[in-house]
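Before any comments, here is the structure.
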There are 2 protein chains.
Amino acid sequence: MSQKPSIPKGTRDFGQQEMAERNYIFDTIKSVFRTFGYSQIDTPAMENLSTLLGKYGEEGDKLLFRILNSGDAFGKVDYDSFRGPDGAVNSVALSKEVCEKGLRYDLTVPFARYVVQHQNEISFPFKRFQIQPVWRADRPQKGRYREFYQCDVDVIGSRSQLNELELVQIVDRVFGLLDVNVLVKINNRKVLTGFAEICGFPDKVVDITVAIDKLDKIGLQAVEEEMKGKGLSDEAVAVIEQILKLSGTTSEKISAMRSLMNGASASGLVSQTGLKGLDELEELFGLIDAAGVSSPVEIDLSLARGLNYYTGAIFEVKAADFAIGSICGGGRYDNLTGIFGLPDMSGVGISFGADRIYDVLKGLGKFPSDLKSSTTLLFANMGAEETRYILPVASALRGCGVSVEVYPDQVKLKKQFDYADRKCIPFLSINGTDEAASGSVNIKNLVTGDQKAFSEEDVEGMVGFLSAGGTK
Amino acid sequence: MSQKPSIPKGTRDFGQQEMAERNYIFDTIKSVFRTFGYSQIDTPAMENLSTLLGKYGEEGDKLLFRILNSGDAFGKVDYDSFRGPDGAVNSVALSKEVCEKGLRYDLTVPFARYVVQHQNEISFPFKRFQIQPVWRADRPQKGRYREFYQCDVDVIGSRSQLNELELVQIVDRVFGLLDVNVLVKINNRKVLTGFAEICGFPDKVVDITVAIDKLDKIGLQAVEEEMKGKGLSDEAVAVIEQILKLSGTTSEKISAMRSLMNGASASGLVSQTGLKGLDELEELFGLIDAAGVSSPVEIDLSLARGLNYYTGAIFEVKAADFAIGSICGGGRYDNLTGIFGLPDMSGVGISFGADRIYDVLKGLGKFPSDLKSSTTLLFANMGAEETRYILPVASALRGCGVSVEVYPDQVKLKKQFDYADRKCIPFLSINGTDEAASGSVNIKNLVTGDQKAFSEEDVEGMVGFLSAGGTK
């Protein structure tokens with residue numbers, strides 16, 4: 001078998017440079033999660049299909065990767081019983097017969113399953129984060145993969161707006177550390193319900209939400225057309241237009257909405273749910289003011305994120321200086337674990353989009369330059385004796401946390417230089433018989449050209465010289 | 001659906017405590033890999049079955065998890081064409097028809113695939129590590145899982161024994177940092193070939209290797225019976241017995257073997273391959289002496305690790321104070337990438353057994369006690385106004401890297417204390433209206449009982465008090 005090997009479409013190998021950059025993102029995010037007291041859990045890549053099926057809609061079920069039962073998967077299957085009237089086999093039904101497990105599709109359903117399964121071991125409020133790959137049998141295209149990482153942080157078991165605040169603070173701190181300017185947008189699902197109620201179409205909340213979620217993309221007029229197409233009256237659409245056109249500061253918007261929800265709109269209808277949503281928004285913005293957050297945070301009444309399980313706050317984060325859509329999003333859900341028989345567990349969470357954040361940092365040139373090199377110092381290989389001389393020095397430097405390589409083969413210096421160059425190694429040390437005899441170690445900064453000789457015992461001096469800089 | 005959810009057998013959830021402990025192991029290992037200039041790559045969980053099949057023997061093929069093709073997997077399959085003469089369906093053949101992809105079974109074959117696929121982007125010698133889960137449809141039992149992590153470090157593209165040395169140094173440093181005493185055992189596959197050659201049965205090297213690999217478990221006599229059962233003569237077995245009984249220091253053993261390989265055994269036969277293996281062992285032990293390694297390193301001539309692709313050094317690491325078998329192993333291979341059409345790429349690598357290392361640290365009580373808590377300080381929730389007062393203090397502390405929680409709900413203090421207790425949070429801060437009015441912050445060390453009041457601006461003082469200790 002000597003055809004060039006390949007990987008399944010929609011999957012990726014991550015080489016050393018890309019891994020260093022991805023780890024930089026994940027490590028930054030993790031360090032922030034930890035300063036807020038969130039800790040990590042891991043769940044298996046495979047879940048029982050009974051856990052996954054029916055949770056993502058009919059389309060989602062089709063996108064699950066199913067794992068063939070091990071052993072004699074087909075031996076006992078009566079294939080003909082899966083034929084329809086036209087003689088064609090029903091793949092969906094047969095796949096249920098021969099596959100009990102599937103690859104996880106997101107981190108949310110496994111998290112809900114985890115909370116229910118381990119409810120007696122967990123201390124609530126339960127603050128967890130999870131960074132793992134998920135798999136979807138989507139058609140691969142630019143920016144859409146069949147295997148990609150999700151990075152979720154959630155707190156479950158508390159209804160306090162302090163949890164919403166914390167997520168905003170986490171976003172603010174993560175992108176501060178990554179040196180990316182972001183805009184945080186917040187809405188509240190109860191306010192969206194309020195829209196539907198005061199415009200007189202309380203059963204159309206999903207249609208209204210879906211329509212106004214497109215405001216950014218298709219504009220106000222098209223949103224209004226869509227709502228009318230869904231059966232809303234002109235008067236109802238006028239009420240919503242009134243809301244969507246609100247301007248001013250956050251507190252001005254909230255107070256204007258409060259009077260609309262209180263009966264001041266054209267319909268004169270009152271929405272208690274909407275008022276409750278405004279209370280939540282007001283409390284959250286008050287907490288954001290009190291805590292102090294660097295990034296701009298604003299109300300976006302068109303924000304819905306298309307997800308019907310949100311019941312309170314809805315979040316979305318956009319990069320201010322790079323057009324790529326949402327890089328982070330989430331919200332509050334009151335019944336995530338209900339699907340597994342544990343009702344009334346309110347939680348709130350957000351998910352960081354690792355691939356998009358990667359693209360933003362790449363696009364803005366925000367990756368630190370020292371990620372390019374995994375090694376600080378290369379000892380050239382000048383022969384067996386000279387190598388034995390420098391081995392203890394290399395060990396001592398590694399003991400101080402310096403990343404050191406000893407070139408393994410005694411080849412031409414040109415080749416060793418090329419190796420240092422390709423790996424962006426900033427320091428090179430060449431020691432021949434003279435150095436070995438005199439007990440000295442030469443180190444050259446390949447970036448600045450600075451060169452210095454040290455006694456072989458002066459490890460501290462070497463560490464100082466190496467840490468003083470030099471990134472190719 | 002309200003039956004209690006579960007996960008597939010042989011898989012595991014890792015909760016917060018276990019994750020902290022596992023991360024401690026992985027982070028230690030990674031930090032050591034990095035000081036030796038190895039950097040991380042990731043490959044996809046799914047590989048094409050054409051990459052995986054035939055690489056692990058017939059048994060291994062059966063243990064691969066296969067992924068059902070997405071879309072209409074069965075629609076075009078002529079099921080009857082997979083029936084044997086007895087009418088039963090051939091599951092293996094049919095599964096090849098409906099599954100193109102499988103989950104990776106180890107990290108070695110994906111690494112070989114990676115090197116061949118990316119050979120033009122890679123700088124050789126290529127030093128990589130990889131820490132990812134693998135999946136095997138094995139029968140689950142104690143200590144054997146269907147999903148488990150492997151942690152592999154390899155260098156490919158150099159034949160120098162300095163690479164072998166580095167792996168020994170890495171093992172030494174990792175277990176030094178983990179505070180576990182280990183014994184490093186080394187053998188050489190060429191020496192095993194030499195055994196077969198000087199006993200006159202050069203074609204029996206695999207049988208001999210398989211037999212002596214069991215020396216530890218079944219003893220010398222049973223090993224000799226097995227070799228005789230495989231067709232070795234009494235004289236041949238006597239030659240091998242002579243080798244296996246060698247004692248003394250490493251250099252005494254090497255020099256005794258050198259004369260046996262040079263014709264001094266009962267057979268009088270000479271093995272050039274065996275002598276080459278002894279040269280390699282001698283060079284490696286010389287380098288180990290020169291570099292200085294803390295753990296005991298010894299030759300173990302019965303070490304074979306059952307893997308036929310090793311061609312030079314063979315490594316195995318055992319915990320000195322905990323009976324659990326090998327916790328780390330590997331060796332040199334000269335033709336790993338040959339299966340994918342790139343011959344003559346010599347490499348050497350080892351794999352750390354994360355689950356066993358976890359058991360050793362657990363068994364010996366070697367996990368640091370501060371892994372128990374993810375949070376250093378909990379601010380009690382005394383009401384909305386008091387909470388607003390401490391929010392900026394909490395932010396400032398987090399900015400200094402301290403892990404801080406603000407209890408989200410205003411509930412009885414008893415409940416908040418219990419939360420701190422269950423999460424092993426060592427510091428608690430309770431601030432009421434008095435503290436808010438006077439601008440002070442009270443912090444109590446729940447372990448020692450020490451308590452101190454700070455001015456709200458004195459973040460540095462608080463960080464000092466918090467870092468001065470306290471682990472529950």
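Counting only strands (runs of 3 or more DSSP E) wholly contained in segment B:226-336, the ones carrying 2 or more residues that are farther than 24 Å from B:S158 by Cα and touching a Lys or Arg at 6+ places or on another chain (Cβ under 9 Å) occupy B:310-319, B:326-333.
Taking the criterion of being assigned to a helix (DSSP H, G or I) and either in contact with a Lys or Arg (Cβ under 8 Å, 6 or more places away or on another chain) or more than 7 Å from chain B (Cβ to nearest Cβ) (or both), the residues of segment A:388-411 that qualify are A:Y389, A:I390, A:V393, A:A394, A:A396, A:L397, A:R398, A:G399. Of all residues in segment B:209-225, how many are within 13 Å of B:D300 (Cα to Cα) and either in contact with a Lys or Arg (Cβ under 9 Å, 6 or more places away or on another chain) or assigned to a helix (DSSP H, G or I) (or both)? Total satisfying the criteria: 5. Just checking, does segment B:178-185 include any residue being away from chain A (no Cβ under 14 Å) and in contact with a Leu (Cβ under 6 Å, 6 or more places away or on another chain)? Yes. Filtering segment B:33-79 to residues that are charged (D, E, K, R), more than 8 Å from every other protein chain (Cβ to nearest Cβ) and more than 25 Å from A:K62 (Cβ to Cβ) leaves B:K55, B:E58, B:E59, B:D61. From the list A:K414, A:K372, A:K366, the one residue that fits, being surrounded by fewer than 18 Cβ atoms within 10 Å (Cβ to Cβ) and either facing another protein chain (nearest Cβ under 10 Å) or over 29 Å from the mean Cα position of the chain (by Cα) (or both), is A:K414. With respect to the conditions (1) at pLDDT below 95; (2) surrounded by 14 or more Cβ atoms within 10 Å (Cβ to Cβ); (3) in contact with a Ser or Thr (Cβ under 6 Å, 6 or more places away or on another chain), A:V116 lacks only one, and its number is (1). Is it true that B:L378 is aliphatic (A, V, I, L, M), within 27 Å of B:E18 (Cβ to Cβ) and at pLDDT 95 or above? When the stated conditions are applied, B:L378 passes them. Could you check, for segment B:427-447, whether at least one of its residues is farther than 24 Å from A:R173 by Cβ, part of a strand (DSSP E or B) and open to solvent by 60 Å² or more (accessible area, probe 1.4 Å)? Taking every residue of segment B:427-447 in turn, at least one turns out to be farther than 24 Å from A:R173 by Cβ, part of a strand (DSSP E or B) and open to solvent by 60 Å² or more (accessible area, probe 1.4 Å). Among the residues making up segment B:117-147, a single one is more than 10 Å from chain A (Cβ to nearest Cβ), part of a strand (DSSP E or B) and of a type in the set (S, T, N, Q): B:Q141.
Identify all residues within segment A:7-54 that are outside any helix (DSSP H, G or I), basic (K, R) and either in contact with a Phe, Trp or Tyr (Cβ under 8 Å, 6 or more places away or on another chain) or open to solvent by less than 20 Å² (accessible area, probe 1.4 Å) (or both); write none if there are none. Residue satisfying the conditions is A:R12 alone.
Checked against the criterion of being away from chain A (no Cβ under 14 Å) and open to solvent by 10 Å² or more (accessible area, probe 1.4 Å), segment B:159-177 has no qualifying residue. Going by what's in this entry, would A:G338 be described as of a type outside the set (D, E), touching a residue at least 12 places away in the same chain (Cβ under 8 Å) and not assigned by TED's automatic domain parsing to the domain that holds A:A196? Judged against the criteria, A:G338 is not a match. Only residues that are surrounded by fewer than 15 Cβ atoms within 10 Å (Cβ to Cβ) and more than 36 Å from the chain's Cα centre (by Cα) were counted in segment A:55-82, giving 7. Taken together, the residues in segment B:83-96 that are open to solvent by less than 80 Å² (accessible area, probe 1.4 Å), at the interface with another protein chain (Cβ under 10 Å from one of its Cβ atoms) and not in a helix (DSSP H, G or I) amount to 3. Kindly indicate whether B:I350 is touching a Phe, Trp or Tyr at 6+ places or on another chain (Cβ under 6 Å) and among the hydrophobic types (A, V, I, L, M, F, W, C). Spelling it out, B:I350 is indeed touching a Phe, Trp or Tyr at 6+ places or on another chain (Cβ under 6 Å) and among the hydrophobic types (A, V, I, L, M, F, W, C).
Out of all the residues in segment B:186-198, is one or more among the aliphatic types (A, V, I, L, M), part of a strand (DSSP E or B), touching a strand residue (DSSP E or B) at 6+ places or on another chain (Cβ under 9 Å) and modelled with pLDDT of 95 or more? Yes: one or more hits.
Under the condition of being facing chain A (nearest Cβ under 10 Å), in a strand (DSSP E or B) and open to solvent by 10 Å² or more (accessible area, probe 1.4 Å), the residues counted in segment B:148-158 number 1.
The values are calculated or read from the model by the stated rules, or taken from the named source; none is laboratory data. The shown structure was predicted, so the numbers you read here are calculated from the model rather than taken from an experiment. For neighbour counting, all protein chains shown are included, and Cβ atoms are generated from backbone atoms with ideal geometry for every residue, glycine included. Each accessible area value is taken on the protein alone, full model and side chains, heavy atoms only, with ligands, DNA and RNA left out. Shrake-Rupley method; radii C 1.70, N 1.55, O 1.52, S 1.80 Å.
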